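The values are calculated or read from the model by the stated rules, or taken from the named source; none is laboratory data. Because the structure is predicted, anything quoted here is derived from the model rather than measured. Don't worry about glycine lacking a Cβ; one is built from the backbone with ideal geometry, like all the others, and counts go over all protein chains shown. These area figures cover heavy atoms from the full protein model, side chains too; ligands, DNA and RNA do not enter into them. Shrake-Rupley method; radii C 1.70, N 1.55, O 1.52, S 1.80 Å.
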Amino acid sequence: QVQLVESGGGLVQAGGSLRLSCAASGRTFSNYAMGWFRQAPGKEREFVGDINWSGSSTFYANSVKGRFTISRDNAKNTVYLIMNNLKPEDTAVYYCAADRTTRPAVTKSADYWGQGTQVTVSS
C-alpha cells in the first residue's frame, strides 16, 4: 500500500514556472518507479513523464520534453515535477503515480495514484 499526496499547483501566467511535489508514504518508496499524469476537463488522461527507482533515468512526453523536469529525493520520499515555460494547454489536474514493477512510461498507467493538484496557466 502506497499513499501519494500532490501539492504545489496553482495559477500562473504563460511562460511562468511551477514546482509540483508528491509526498509518498512508506519506507519502500525508493523501490517504486514514479510517474506524472495530467487530465484536462473533457479530455483523456495524458502521460507526462516518469522516473525510475534510483532517479538515474527519466522519460517525457513529447508535449513537455525540454520544459518539464522530474526528479526525486528518496531520503524525503518525495518526487518533483518542475514545470518551466508553461503554456495555456498545460492547464489540467496533475496526478502523481507509483508503480512497483513497470515504469509508467511503458504502460501509461500505474498501481497507485494521488488525489491530484490543479494547475491553471493563463494567457
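Remarks
- Filter result for the condition that a residue is at positive phi and open to solvent by less than 60 Å² (accessible area, probe 1.4 Å), over G8, G42, G16: G8
- Selected residue (criterion: farthest from A98 (Cα to Cα)) from residues of the stretch 69-78 that are polar (S, T, N, Q) and part of a strand (DSSP E or B): T69
- Qualifying residue in the stretch 79-89 (condition: in contact (Cβ under 8 Å) with a residue 40 or more places away in the chain, touching a helix residue (DSSP H, G or I) at 6+ places or on another chain (Cβ under 6 Å) and in a loop (DSSP other than H, G, I, E, B)): no
- Hey, D99 over 11 Å from the mean Cα position of the chain (by Cα), acidic (D, E) and open to solvent by 20 Å² or more (accessible area, probe 1.4 Å) or not: no
- Qualifying residue in the stretch 102-113 (condition: assigned to a strand (DSSP E or B), surrounded by fewer than 22 Cβ atoms within 10 Å (Cβ to Cβ) and either free of Cβ contacts under 8 Å to residues at least 12 places away in the same chain or polar (S, T, N, Q) (or both)): no
- The residues listed here are N74, N31, N85; of these, the one that is out of contact with any Phe, Trp or Tyr (no Cβ under 7 Å at 6 or more places or on another chain) and either among the polar types (S, T, N, Q) or within 19 Å of T117 (Cβ to Cβ) (or both) is N85.
- The one condition from (1) out of contact with any helix residue (DSSP H, G or I) (no Cβ under 9 Å at 6 or more places or on another chain); (2) exposed (fewer than 14 other Cβ atoms within 10 Å of the Cβ) that I70 does not meet is (2).
Residues checked against (1) of a type outside the set (G, A, S); (2) modelled with pLDDT of 95 or more; (3) surrounded by 14 or more Cβ atoms within 10 Å (Cβ to Cβ); (4) touching a strand residue (DSSP E or B) at 6+ places or on another chain (Cβ under 9 Å):
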site	(1), (2), (3), (4)
Q1	yes, no, no, yes
R27	yes, no, no, no
T58	yes, yes, yes, yes
K65	yes, yes, no, yes
